[in-house]
Amino acid sequence: MVLVAVFGVALLIAVLLSGLAARTVLSTSLLFLLGGALVSDGFLGLIHITPDSEIVAVTADLALFAVLFTDGMHVSFPKLRENWKNPARALGLGMPLAMAGMALITHYLVGLDWTTSFLVGAVLAPTDPVFASAIVGRKEVPAKLRQLLNVESGINDGLALPIVLLLIAAAGPTSGHAEASVATIGLELGLGLVFGVALPLAVAALVRLRLLGAEPKLQPLLPLATGIILYGLCHLTHANPYLAAFSAGAVLATVSPEPKAVFEPLGEALAELAKFAALLVFGALLTPQLFGDLSFGGYVAVVLAIVLIRPASLLLSLVGTGIERREKLVAAWFGPKGFASVVYGLLVLQAGIPQGEAAYTLIAVCIAFSIIAHSSTDVPIARLFHVDDLAGIPGGEDGAKREPVPAQHGPAEQRATRV
């Protein structure tokens, strides 16, 4: 119950400071991260969480699923058909380049063997726009840029997982947590995609039956029930839950626009809670000992991963596209490491491979640095696109009263809380 009380206090503080955070470099994500670190064994000792604690894997897994499910609802298939080439370049070229670049600096600066170095690269390759919501969630930001970042982050989690599992198996003797064949991994990805498409279609078909229909006040629970069933189904069958979540959100928004619209406020709130809980738990793992275990070369690798590897790999993948130079630079910068990397990093640690602890230390510190860097720069960079009403509340930097964003723009564009 101490953890619940700590979460409640952190949530209250975050809500009270959310208006300020939405207009400045202050980040509510950072508040939860630091709050978790403060109450952990490394400082006040109020909560006791270790990397092998079940709550760590569960909260990160739930948060990633919830985020991908709600993010998938913001994908427009007509717009994606028009602009599919940019996300495809980011996934097909930018992601492998980032993986290889991270492997190089990990091997030469940290001293890990090549297999483990590529494993670190695969874990840190997925991006997470959760920590750049002022960019991804604002209608004033060019649609191509938002679509690029949203689709890239929604799909690359599922694409990275099979590579992570194969590299864990290749890294050496394991404890048996992550052994898998190529056929098994392919089956898990395929099942995830099938479930993510089939379940929302089946629910939409049921709703159209004359004898069935949701009462208006319960209608928001329809997509929620779909998501809960999908989450349980994926874990029972070992289907990929992340690919399933993103595809289900996108399909549901297409075939059931009315339930999707009424679910959005509830969905966004639940996703926020899941993210905050996961950040608090992850922050509890960031003890002074963890940071002390990383070598100087490791810190250099972390900085290069954020300021060089991701930007260079995405810029190279977008060469020759029609995206404006400013938009390319913003897309290149916003490659935050988020919940997918947390989940995959824990897989590396729990697998028991020879250099697993050293790899996890590097991964955890890189995620922490990325959260700080990207969640603190989204609002200032959003202002480059003349986004003036970031918080939708009275009283901006110029003291003028700002009108809320109209409701028809959707909850993603109305967020008062930056994450």
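Just so you know, all these numbers are worked out from the coordinates, no wet-lab data involved. What you see is a predicted model, and the numbers here were worked out from it, not measured in a lab. Here the Cβ positions follow ideal geometry from the backbone for every residue, glycine too, while neighbour counts run over all protein chains shown.
General remarks:
- Cα-based shape type of region 310-350, given that a ≥ b ≥ c are square roots of the gyration tensor eigenvalues and the cut on a/c is 1.5: prolate
- Per the Debye calculation on region 193-279 with a single equal scatterer at every Cα and no solvent contribution, log₁₀ I(q)/I(0) for q = 0.13, 0.20 Å⁻¹ amounts to -0.42, -0.96.
- Cubic angstrom per residue, convex hull over Cα atoms of region 309-388: 102 Å³
- Here residue 77 and residue 215 are evaluated by their C-beta separation; at R0 = 35 Å the FRET efficiency comes out at 0.75.
- Virtual spin-label span in nm between residue 296 and residue 198, 7 Å along Cα→Cβ: 5.7 nm
- Stretching residue 228 away from residue 205 to a fully extended chain increases their span by 6.5 nm, per 0.36 nm per residue minus the current alpha-carbon distance.
- Once you reduce region 219-250 and region 286-343 to the center of their Cα atoms, the two points are 29 Å from each other.
- Taking N as its residue count, the alpha carbon Rg of region 239-284 over 2.2 N^0.38 Å: 1.40
- R0 of 22 Å, Cβ-Cβ distance residue 385-residue 319: FRET efficiency to nearest 0.05: 0.45
- If a spin label sat at a point 7 angstrom from the Cα of residue 357 along the line to its beta carbon, the backbone N atoms of region 273-300 nearer than 20 Å would be those of 284-299.
- Approximate spin-label separation residue 187-residue 5, in nm, with each point projected 7 Å along Cα-to-Cβ: 4.8 nm
- Among the listed pairs 275/337; 85/260; 260/337, those whose Cα-Cα separation exceeds 22 Å are 85/260; 260/337.
- Modelled label positions at residue 41 and residue 20, each set 7 Å beyond Cα in the direction of Cβ, lie 3.3 nm from each other.
- Annotation: extensible slack from residue 261 through residue 308 equals 13.0 nm (criterion: 0.36 nm per residue apart, minus Cα-Cα distance).
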